[in-house]
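The values are calculated or read from the model by the stated rules, or taken from the named source; none is laboratory data. The structure presented is a predicted model; accordingly, all values stated were derived computationally and were not measured. All Cβ positions, glycine included, derive from the backbone under ideal geometry; neighbour counts span all protein chains shown. What goes into the accessible areas is simple: the full protein's heavy atoms, side chains included, and nothing from ligands, DNA or RNA. Shrake-Rupley method; radii C 1.70, N 1.55, O 1.52, S 1.80 Å.
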Amino acid sequence: MYSINKNNYLCIVLTIQIYKIMLKVFLYCVLIIAICVAFMSVRVIFKKNGRFVKSHVSSSKAMRERGITCAQSQDFAQRHRKKAVKEF
């Protein structure tokens, strides 16, 4: 039969205590993340047609007026321009 001596018992107790602490920390982290997500989505939830603010370069009027576009759009335009030159 298996008997639990004093050292094994202490090891089990300490392991359980460590897991309790780890669970507490994990639950606090989940709570903090949930609060952050809730604060970030307040505008979307409570505004009638709420949307997240568009931060993409192409959707900024000031950037378009200056002729600044995003790198993906510039890459796409250059690739199509090169194809048109090759076809010519």
Open item on the list: Yes or no: the stretch 19-26 includes at least one residue that is in a helix (DSSP H, G or I), charged (D, E, K, R) and either at pLDDT 80 or above or open to solvent by 90 Å² or more (accessible area, probe 1.4 Å) (or both).
Closed with: yes
Open item on the list: For the stretch 37-71, give me the residue count where each residue is modelled with pLDDT of 75 or more, open to solvent by 100 Å² or more (accessible area, probe 1.4 Å) and touching a helix residue (DSSP H, G or I) at 6+ places or on another chain (Cβ under 9 Å).
Closed with: 2
TODO: Go through (1) at pLDDT 80 or above; (2) open to solvent by less than 100 Å² (accessible area, probe 1.4 Å) and name the single condition ILE33 misses.
DONE: (2)
Task: Of all residues making up the stretch 50-84, the number that are more than 30 Å from PHE39 (Cβ to Cβ) and part of a helix (DSSP H, G or I) - done: 17
